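To keep things clear, I will list the structure first and then write my remarks on it.
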Amino acid sequence: MQDVDEIKLLLDSRIPLLVIETYEEKKALDVLLKVANKHSKDLHRWSVTDGLSRLNFGPQLVPKGTELNEAEEMLRHIKQQMQPGMYALCDIHPFLIDQPQIVRLLKDIALNHFAIPHTLVFLSHQLRLPAELSRYSASYALTLPDDDKIMEIIRDEAKDWSDRHMGARVKTDNITLKKLVNNLQGMNASDVRRLVRGAIWNDGSLNEDDLPRINKAKFALLDMEGVVSFEQQTEDFSNVGGLHNLKRWLLTRREAFSDDDSKLDRPKGILLLGVQGSGKSLAAKAVAGLWGLPLMRMDVGALYNKFHGETERNLREALKLADAMSPCVLWLDEIEKGMAQDGNDNGVSQRLLGTLLTWMAERRTRVFIVATSNDISRLPPELIRKGRLDEIFFVDLPGPEVRKDIFAIHLRKRGCPLPGFDLEKLSLTTQGFSGSEIEQVIIAALYSASAEGKPISTDILLHEIAATSPLSVVMAEQIAQLRVWAEDRTIPA
Ligand SMILES: Nc1ncnc2c1ncn2[C@@H]1O[C@H](COP(=O)(O)OP(=O)(O)OP(=O)(O)O)[C@@H](O)[C@H]1O
Ligand SMILES: [Mg+2]
């Protein structure tokens, strides 16, 4: 077993403290017991509820009644033992915070390792060792089930169901099975078993319908805490004004993306660059809507800010998740917020970008990337280089025709009958307005109308328009720069 060999190797290299972050405590203890037997050492288990006890055969070293539930007492006891032993400390993590005696006791045991080679193994779902200890420690992640192991679990569960249903067989087909195995990668054995079991017992079959449910459960389990979200709501392109080029581009590539046998290169992704409020986020949702795919949104800023020191690992997790959800659209929102190279973050953003680019180059799954950004000055050149993404679209402020469409879309959305409005005039007076600002004008006008007890009209809208100074006026210079930059690097959306 790979885990046993690798942990043994770590112990052979005389590491006193070993951290294993896992929810599978029982599995970890099984592995440790095998390691201990190979090492001819005793394995002891400690938890605050059960105290210290010996796991392999032989007499208990701690007399009954003094089970050493106290972490500090337990460590003093270990420190005094002359016979080298392995100690699995289950959930000791709360005792590592602001408890100098405990931290020092651990350090004493670690420092004395060359004389009495005790090994302390920390088993918690999550654990950060204090800096004093981290240099004496190593971390180990238990291996996750591979394809064969997942298949074995599925067979196992299918057999169990069959045994309890008078030999009836679980209905499934090879294609679904293959997808299922694929989607269950990256999860631990007990979660795999639980999900498979749920899917089988639900209706005695494993079919296409089970996949989205399993993906959603997986999504929840991996818990990306606001960094990645599953967007339930995609958008219809009929609710997007303008962006005709983008829509045409997407329509001509839909087949190539969804068809495994297509001779054309599979589309990789696009970057939507443009003015704030011009509909980039809206367009990202519409891509998923148009292609009929699930949409995953990654908040790159949150990824960067949330997990100091763990940002890359989380990006890798998120990308793995996208692979598992395949086929899907992965929307990297405000990509410059995590990938900009400002030079004062110890290279985190540089490594994030590297992780993303490597994944993009190597992935075989069907994940279409839609990256959005409104700040060219902070966009890494490596990302924009030709060939990384298929195309960079520039989303400019809407022209007169598109503004009419946007008015129509948002008035219709709010149940206002279109024939009553002078769209021509509204469009003419909103030069320089973004789609978002037009929507805001309509919302404000509806409030004014309601306050005055009148139905919304062109006049009320014109009044609100006059009261708005669009961002394009305030930020005229930046927008002009953006346009110049975009001119020979992008195509208009
Ligand atoms: N072209 C458009 N057609 C219809 N509605 C639009 C359009 N552009 C913007 N809107 C409206 O404005 C809202 C905000 O736009 P959106 O969030 O997509 O802009 P954005 O380009 O992503 O802005 P930011 O750069 O601030 O993220 C949309 O939800 C939509 O209601
Ligand atoms: Mg946006």
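If we keep just the residues of the range 299-334 that are outside any helix (DSSP H, G or I) and at pLDDT below 75, which is farthest from ligand 1 (Cβ to nearest atom)?
As a first pass, look at the range 299-334 and keep what is outside any helix (DSSP H, G or I): 299, 307-310, 326-334.
Checking the rest, the ones that are also at pLDDT below 75 come to 307-310.
Values: Phe307: 23, His308: 25, Gly309: 28, Glu310: 26 Å.
Checking each candidate, the answer is Gly309.
Within the range 116-138, which residues are among the small types (Gly, Ala, Ser) and touching a residue at least 12 places away in the same chain (Cβ under 8 Å)? Walk me through how you get there before you give the answer.
Taking the range 116-138 first, the residues among the small types (Gly, Ala, Ser) are 124, 131, 134, 137-138.
Result: Ser124, Ser137, Ala138.
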**Asked** Residues in the range 52-75: is at least one under 30 Å from Gly186 (Cα atoms), small (Gly, Ala, Ser) and open to solvent by 20 Å² or more (accessible area, probe 1.4 Å)?
**Response** no
**Asked** Only one residue in Ile465, Ile392 is outside any helix (DSSP H, G or I) and open to solvent by less than 20 Å² (accessible area, probe 1.4 Å). Which one?
**Response** Ile392
**Message:** Taking the criterion of being closer than 20 Å to Ser349 by Cβ, within 15 Å of ligand 2 (Cβ to nearest atom) and at pLDDT 80 or above, would at least one residue in the range 287-297 satisfy it?
**Reply:** yes
**Request:** Taking Gln431 as meeting all but one of (1) outside the structural domain of Arg313 (by TED's automatic domain parsing); (2) away from ligand 1 (no atom under 12 Å from the Cβ); (3) assigned to a helix (DSSP H, G or I); (4) under 27 Å from Ile491 (Cα atoms), write down the number of the exception.
**Result:** (3)
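This table checks each residue for (1) at pLDDT 90 or above; (2) touching a Phe, Trp or Tyr at 6+ places or on another chain (Cβ under 6 Å); (3) more than 13 Å from ligand 1 (Cβ to nearest atom).
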site	(1), (2), (3)
Asp375	no, no, no
Arg403	yes, no, no
Ala408	yes, no, no
Lys413	yes, no, no
Gly420	no, no, yes
**Request:** Would you tally the residues in the range 395-411 being assigned to a helix (DSSP H, G or I) and either under 18 Å from Leu243 (Cβ atoms) or not assigned by TED's automatic domain parsing to the domain that holds Ala467 (or both)?
**Result:** 11
**Request:** With the condition kept exactly as written, say whether any residue in the range 460-474 is within 16 Å of ligand 2 (Cβ to nearest atom) and touching a residue at least 60 places away in the same chain (Cβ under 8 Å).
**Result:** yes
**Message:** Checking the structure you have, find out if any residue of the range 269-287 is aliphatic (A, V, I, L, M) and farther than 30 Å from Ala476 by Cα.
**Reply:** no
**Prompt:** Restricting attention to the range 1-27, which residues are assigned to a loop (DSSP other than H, G, I, E, B) and open to solvent by 60 Å² or more (accessible area, probe 1.4 Å)?
**Reply:** Met1, Ser13, Arg14, Tyr23
**Asked** Pairs under 7 Å by beta carbon, first residue under 11 Å from Ala71 (Cα atoms) in the range 98-115, partner of a type in the set (D, E, K, R) and open to solvent by 80 Å² or more (accessible area, probe 1.4 Å), six or more apart or different chains?
**Response** Val103/Glu132; Leu105/Arg76; Leu105/Lys79
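The values are calculated or read from the model by the stated rules, or taken from the named source; none is laboratory data. Since we're looking at a predicted model, the values are computed, not measured. Heads up, the Cβs are rebuilt from the backbone with ideal geometry, glycines too, and the neighbour counts pull from every protein chain shown. Surface areas here come from the heavy atoms of the whole protein model, side chains and all, with no ligands, DNA or RNA. Shrake-Rupley method; radii C 1.70, N 1.55, O 1.52, S 1.80 Å.
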